[in-house]
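One structure below.
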């Protein structure tokens, strides 16, 4: 049975994960390493300073105008099935 955890970052963003979820972290300013959520929880209760580096922001925007608005087309498609 999977146990869910709520991980809250310093910027107040949340992630809901299982104990086996892998995190790339820095502990006490050392080189990055990979820990699972259970290991991260154990460190949170200690005096270790854990840093979760901010993942790069990815923007999936369109670079060109579309010939048709996708929203009404998708809505029409969903209505037809």
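The values are calculated or read from the model by the stated rules, or taken from the named source; none is laboratory data. Here the structure is a predicted model, which is why all the values come from computation and not from measurement. Cβ sites come from the backbone with ideal geometry, for glycine too, and all protein chains shown count toward neighbours.
State all residues of region 14-33 that are touching a strand residue (DSSP E or B) at 6+ places or on another chain (Cβ under 9 Å) and farther than 13 Å from residue 50 by Cβ; if no residue qualifies, say none.
14, 15, 16, 17, 18, 19, 20, 21, 22 - these are the residues of region 14-33 that are touching a strand residue (DSSP E or B) at 6+ places or on another chain (Cβ under 9 Å) and farther than 13 Å from residue 50 by Cβ.
Table: residues versus (1) at pLDDT below 90; (2) closer than 17 Å to residue 54 by Cβ; (3) exposed (fewer than 10 other Cβ atoms within 10 Å of the Cβ).
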site	(1), (2), (3)
9	yes, yes, no
12	yes, yes, yes
36	no, no, no
43	yes, no, no
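Are there any pairs, at least 6 apart or on different chains, whose C-beta atoms fall under 7 Å, with the first in region 37-54 and at negative phi and in contact (Cβ under 8 Å) with a residue 12 or more places away in the chain and the second in a loop (DSSP other than H, G, I, E, B) and surrounded by 13 or more Cβ atoms within 10 Å (Cβ to Cβ), and if so, which?
Going by the 7 Å Cβ cut-off, the qualifying pairs are 37/19; 37/21; 38/19.
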